[in-house]
Amino acid sequence: MAAGDPNMNPSEDPDDGSGGDPDDAPGGRSGDGPSEDPPAARDRDPEGRARNARPRDGLGRPLPYGAPGVERQPEGVERSPRESLTEAQDLLDRGMPFHAHEVLEDAWKMSPEPERQLWRGLAQLAVGLTHAARGNAKGGAALLLRGAGAIAPYEDTVPYDIDVTGLTAWARDLADRLDGPVAAAGNAPRLCAVGGARTAE
């Protein structure tokens, strides 16, 4: 997948071994037959799942091994919906939409079927803001609009005090005005109506 592809997960980087031209990678093809070098071992988390161990910056971009980075959100953490919203809002307010996306992605994966599209849409909004802050206007706009479309059907039910109307308007407005990098914290949305989801259950 090409860098800046709106379908690319922001944690993927074509230069980190998860994609790109195999001829450019150590041990890649040279056209002369199979490489003598064994494939590089994949980074793993403590549970043995594949997870890139490279440090990340505040927008989730991989940094070189050994560079100081921002601590990543743990994956697979079970939180209540209100805890997820509170933690994601805190991360958005701190200019860390990539990290907020990871919290919302956990909620999406653990939510009951009727809510999955809502949580997926919220994660897409956070990824859209991530791409926008990185300067990927086209990918950011596509994900913002996709996320707005995913949450729009929940407008009449207002689960967990999520401000669906405000979020869809925010996403469309930001998508319309993207033409370069934006400040993540300065453009962070409010996930919930005033007074909603500010305290964890």
Those residues of the range 146-184 which are assigned to a helix (DSSP H, G or I), closer than 23 Å to GLY135 by Cβ and open to solvent by less than 50 Å² (accessible area, probe 1.4 Å) amount to GLY147, ALA148, LEU167, TRP170, ALA171, LEU174, ALA175
Failed condition for PRO189, given (1) outside any helix (DSSP H, G or I); (2) more than 30 Å from GLU71 (Cβ to Cβ), with all others met? (2)
May I ask you to verify whether ALA133 is closer than 24 Å to VAL70 by Cβ, of a type in the set (A, V, I, L, M, F, W, C) and open to solvent by less than 40 Å² (accessible area, probe 1.4 Å)? yes
Tell me whether the range 57-69 contains one or more residues that are touching a residue at least 60 places away in the same chain (Cβ under 8 Å), part of a loop (DSSP other than H, G, I, E, B), of a type in the set (A, V, I, L, M) and open to solvent by less than 30 Å² (accessible area, probe 1.4 Å). yes
If you go through the range 90-149, how many residues are touching a His at 6+ places or on another chain (Cβ under 6 Å) and over 19 Å from PRO181 (Cβ atoms)? 1
Close pairs (8 angstrom Cβ cut-off, 6 or more residues apart or separate chains): under 15 Å from LEU145 (Cβ atoms) in the range 173-188, open to solvent by 80 Å² or more (accessible area, probe 1.4 Å) anywhere: ALA175/LEU145
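The values are calculated or read from the model by the stated rules, or taken from the named source; none is laboratory data. If you're wondering where the values come from, they're calculated on a predicted model, not measured in any experiment. Cβ: placed from backbone, ideal geometry, glycine included. Neighbour counts: every protein chain shown. Calculation scope for accessible area: heavy atoms of the full protein, side chains included, ligands and nucleic acids excluded. Shrake-Rupley method; radii C 1.70, N 1.55, O 1.52, S 1.80 Å.
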